[in-house]
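A short write-up of the structure that comes next.
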Amino acid sequence: MKEDGTDRVDEDAGDVADRVRQVIDGLGCSRREFARRIVMDPSKLSRSLGGTRRFTLAEIVRIAETAGVEVGRLLGSPQRPAPPPGREPAPVPEGGRPLQIVRETVRLIAEHGFHEVRVGDIAAACAMSSAAVHYHFPGRDELLEAAVRWCMDEDTNRRAAGLAAASDARAELEHLIALQTPRTEQQRRQWLVWLDLWAQAARSTAVGRLHEHYYRQWRGTVADVLRRGIAQGVFRPLDAEFAALRLTALIDGLATQVLATAPDSTGPDTMHTALLAFVDSELTA
């Protein structure tokens, strides 16, 4: 997304990066995992920690809140004294306020569409001011990127858990198909966000890059499963990359029909049956 004009940390970038690195190391998690927690592109976090990119003020706020430290500690300012008894700060929601904002953004986009969602709507859903939302995410573009990235991370984590538990490549592929069939409210919500992402990607180069990154990762996962299945003998010899392109395109088209038609027309059961039929007729050995 756009970074021009975004407020950057003025203090020496190396000192700030060192303090952020110490905080992350103290949490005992990987940098990729921490990037997921603060809803930040892992490559941006890596460049900022390496000194080739300066953190934005909003990113420092999210890092501080997620890590449970004062913003001033990361910026090198003196620590604020603890509040007097009876004046403790409001409790931080589970996962921190940045994740609360992102989750509510996803819900509102799914219900109303990105262009119908105002920052004031997100603030009201989070019981905070619009200024507080802007404190974490300066603009609507950054909010869209964070919402999509959070959906991507959630999707990737669910995929990995199912793939690890599958007995063979056929079971892995059935797991991926089940995840992409919009049965639950969460699955429908994510698909509605993807539809908004597609519309934005057709008009925005920055959003298009995010869309391209996700689909390269998604098709690569499917192609890897197909290659394992070919080696196991459960799938016939074929071009795994091209077969993954065909299958993911079929998933996209069917899911769009499920979301756009009446429940008694193309439903999730019909979609699931059609996808398994494709696997049986086109892929299975």
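The values are calculated or read from the model by the stated rules, or taken from the named source; none is laboratory data. Quantities reported herein were computed from a predicted structural model and do not represent experimental measurements. Quick reminder, even Gly has a Cβ in these numbers, built from the backbone with ideal geometry, and neighbours come from all protein chains shown. Accessible surface areas use protein heavy atoms only, side chains included; no ligands, DNA or RNA. Shrake-Rupley method; radii C 1.70, N 1.55, O 1.52, S 1.80 Å.
Considering R227, R203, R219, which residue is surrounded by fewer than 20 Cβ atoms within 10 Å (Cβ to Cβ) and over 21 Å from the mean Cα position of the chain (by Cα)?
It is R227.
Restricting attention to segment 262-281, does a residue exist that is in contact (Cβ under 8 Å) with a residue 12 or more places away in the chain, in contact with a strand residue (DSSP E or B) (Cβ under 8 Å, 6 or more places away or on another chain), open to solvent by 40 Å² or more (accessible area, probe 1.4 Å) and more than 30 Å from D41 (Cβ to Cβ)?
no
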